[in-house]
Amino acid sequence: MSAAPVLVVEVDGERFGILADRVQTVVGYQEPVPIPGRPKPLLGALNHHGELLPVAHLASLLGLKPRLDPLRSVVAVVDWEDGLVGLLAERAHGLLTPLTRVRVSQVLGRWDGPFLDQTLEVEGSRVHVLDLDAMLGALAERIR
Amino acid sequence: MRIEMGYKFILGFILVIAAVVLVPYLVRFLDLPPWAQSLIPPLAAIAVGLAMGSALTKGLTRHVGELRSATVRIAEGDLRHAVNLGQRWFPDELDDLAGAVNAMLTNLRQMVAHILRTSTEVASAAQNLSATAEEVNASTEEIAVTTEEVARGVAEQKGEVERVVHRIHELEAGLQRIEGTCRLAAEAATSAEEQAQAGTRTAREGFARLESVLSDLERSAEAAVAFSEQIRQVQRFADVITNLSRQTTLLALNAAIEASKAGEEGKGFAVVASEIRKLADSAEKSADQITALLRRLDQAGQGVRGLLEASRGKVAEGREGLEAAAQALGEITGFVGDNARRMGDVLAVIQEQVEGGREIAKFADRVSAVAEANAAATHEVSTTLEHQTAAMEDMAHAAMRLSEMAEDLNRRVSRFHLPDEAEA
């Protein structure tokens, strides 16, 4: 059982967890500037405090159906290697930590989907904690 | 000088007596022998008596014979000669008798002549009457034949008249039924006119209310447009609130992330961030609910606005329709009123026809009675004609008999011979 807090986001009706230690910030949806020749999961780039922030669609990375709600979609800015990467999710559900009243029932083991570290069951809902390094590494491979 | 026959005989007797008395006295003056004196007076009396008797008897016999001859001639039918006793000095009853016989002869002549003329005329008239009777009889038979034809015609006419009367009574009954139906129709038309007028008043009131509703509808459309605009303004405010809530949520989320990174020092801040995030979530949910409610209101308002916009055209059409309906109702009311009046006129005409039919039925009854009376009268005429035919036959027979009797009378009277003047 992991006690590290995770940022819970929703993609295609499924809830996924991103380790809060890797999250720099969460911003609202802004339409990225398209990058020519980009692979499908990479939507484009944003201006994040003067830095160029590549934004990828989490649903595309996980092989799920991409959905966009401009009012609720969020971009989670995470650390990866020496830089930052934006991950577009349909919405953010909050931070899941031991301080919250959420009861982490048990570790359910690895899910059969890609880039998943572990799956938690929280009050009847399942939260799949993502393996960011593997997922972003695969994206980097596709970019190269 | 008239001396009646009895006086003549008395005078003769006196002369005889005078001879008896005077002759002896006269003889005494004669110188005759006594025997002569005795014989001469009786002889003189006898001679006077014979002379007087002869004279009286001769005149009497001759005149009676003349009278007898005259009566015999009259008895034999010879009325041509009158009795003529000649001029006599001393007429007597024989002259009276001759005058009476002549008067009788004159009367007989007149009577016979009259009988002859009358019998001739009667015979002629009887023949004419007989011929006329035969002609009348023939005519009567023709009339009887014609009367029988007339009787048959009258009987057929009576039957036809009875059928016509029956048909007329049926027509009268039919007219009465039509009158009843027309009366009901007229009452229905009058009721329809009243109802149409009431309906027109109600419809006009309804049109006024509907016009008011249409005006309200136009004002509602304008209000809906204004309301929709207000909803959009509120929607913009709600969007601002939603945006602020989302940004607050993101800020709280980022604060919680930063607090989690701070470890134990950040726990308090994490609690605050969590509460802020809850408030922001709550505010966002409320804003979402408001937005959803406003969206529904906006959709409903747009729907109402669309309906009202669409109804504007329909309102104009409705107004035109109302005006047309009001005009049509007015025309319908006028038409129904005209129909009611026409039905009243028709009812009056039908009532006149019913009254006329009733009069015709009465007249037909009278005609039927007259036809029946005609039939009876024709039958009576036929019977009378039969009687008349029999009577005319009797009359013809009587005329024939009369003619025969007249001829027989004429034949019997013809044996009297009249002077030419009398016959003429």
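From the residues in the range A:20-36 that are modelled with pLDDT of 90 or more and out of contact with any helix residue (DSSP H, G or I) (no Cβ under 7 Å at 6 or more places or on another chain), which one is nearest to residue A:141 (Cα to Cα)?
A:34
Exactly one condition in (1) within 13 Å of chain A (Cβ to nearest Cβ); (2) among the acidic types (Asp, Glu); (3) open to solvent by 60 Å² or more (accessible area, probe 1.4 Å); (4) farther than 30 Å from residue B:308 by Cβ is not met by residue B:284; state its number.
(3)
Are any residues in the range A:121-144 within 25 Å of residue A:83 (Cβ to Cβ) and not charged (D, E, K, R), and if so, which ones?
A:128, A:129, A:130, A:132, A:134, A:135, A:136, A:137, A:138, A:139, A:140, A:143
For the range A:117-144, which residues satisfy the criterion of being open to solvent by less than 30 Å² (accessible area, probe 1.4 Å) and modelled with pLDDT under 85?
Across the range A:117-144, the qualifying residues are A:118, A:119, A:120, A:122.
Quickly run through the range A:92-116 and pick out the residues that are out of contact with any Gly (no Cβ under 8 Å at 6 or more places or on another chain), modelled with pLDDT under 80, more than 14 Å from chain B (Cβ to nearest Cβ) and part of a loop (DSSP other than H, G, I, E, B).
The answer is A:103, A:108, A:109, A:110, A:111, A:112.
Among the residues of the range B:48-77, how many are assigned to a helix (DSSP H, G or I), over 18 Å from residue B:4 (Cβ atoms) and either in contact with a strand residue (DSSP E or B) (Cβ under 6 Å, 6 or more places away or on another chain) or of a type in the set (Gly, Ala, Ser) (or both)?
7
Between a first residue in the range B:242-264 that is at the interface with chain A (Cβ under 9 Å from one of its Cβ atoms) and a second residue that is assigned to a helix (DSSP H, G or I) and at pLDDT 90 or above, which pairs have beta carbons less than 6 Å apart while being 6 or more apart in sequence or on different chains?
Close Cβ pairs (under 6 Å, with a partner that is assigned to a helix (DSSP H, G or I) and at pLDDT 90 or above) amount to B:257/A:20; B:260/A:20.
Check residue A:64 against each of (1) within 14 Å of chain B (Cβ to nearest Cβ); (2) open to solvent by 30 Å² or more (accessible area, probe 1.4 Å) and name the one condition it does not meet.
Just one mismatch for residue A:64, condition (1).
Can you tell me which condition residue A:70 does not meet? The list is (1) open to solvent by 30 Å² or more (accessible area, probe 1.4 Å); (2) touching a strand residue (DSSP E or B) at 6+ places or on another chain (Cβ under 8 Å); (3) within 22 Å of residue B:280 (Cβ to Cβ); (4) of a type outside the set (Gly, Ala, Ser), and all the others hold.
Status for residue A:70: all satisfied but (2).
How many residues, within the range A:8-36, are within 14 Å of chain B (Cβ to nearest Cβ) and open to solvent by 30 Å² or more (accessible area, probe 1.4 Å)?
8
Being part of a helix (DSSP H, G or I) and out of contact with any helix residue (DSSP H, G or I) (no Cβ under 8 Å at 6 or more places or on another chain): is that true of residue B:266 here?
No, not satisfied.
Need the failing condition index for residue B:162 against (1) at pLDDT 80 or above; (2) crowded, with 16+ Cβ neighbours inside 10 Å, just the number.
Checking residue B:162 against (1) at pLDDT 80 or above; (2) crowded, with 16+ Cβ neighbours inside 10 Å, the one that fails is (2).
So which of A:70, A:5, A:39 ends up being modelled with pLDDT under 95, farther than 27 Å from residue B:259 by Cβ and within 14 Å of another protein chain (Cβ to nearest Cβ)?
The match here is A:70.
Residue B:261: among the basic types (Lys, Arg) and over 17 Å from residue A:7 (Cβ atoms), yes or no?
Taking the combined requirement at face value, the residue does not satisfy it.
Do we have residue B:100 as out of contact with any strand residue (DSSP E or B) (no Cβ under 6 Å at 6 or more places or on another chain), under 30 Å from residue B:414 (Cβ atoms) and at pLDDT 85 or above here?
yes
Quick one: what pairs do we get from the range B:63-75, first residue over 17 Å from residue B:418 (Cα atoms), second open to solvent by 40 Å² or more (accessible area, probe 1.4 Å) and not in a helix (DSSP H, G or I), C-beta under 8 Å, 6+ apart or different chains?
Hits for this filter: B:66/B:84.
How about the range A:42-53: which of its residues are farther than 23 Å from residue B:261 by Cβ and either touching a Lys or Arg at 6+ places or on another chain (Cβ under 8 Å) or buried (at least 17 other Cβ atoms within 10 Å of the Cβ) (or both)?
Within the range A:42-53, A:42, A:43, A:44, A:45 qualify.
If you go through the range B:78-93 one residue at a time, do you hit one that is assigned to a helix (DSSP H, G or I) and touching a residue at least 12 places away in the same chain (Cβ under 8 Å)?
Looking for residues that are assigned to a helix (DSSP H, G or I) and touching a residue at least 12 places away in the same chain (Cβ under 8 Å), one finds at least one in the range B:78-93, hence yes.
The values are calculated or read from the model by the stated rules, or taken from the named source; none is laboratory data. Please read these numbers as outputs of a predicted model, since none were measured by experiment. Every residue, glycine as well, gets a Cβ built from its backbone with ideal geometry; the counts of neighbours run over all protein chains shown. Note: accessible area is taken over every heavy atom of the protein model, side chains too, but ligands, DNA and RNA are not part of it. Shrake-Rupley method; radii C 1.70, N 1.55, O 1.52, S 1.80 Å.
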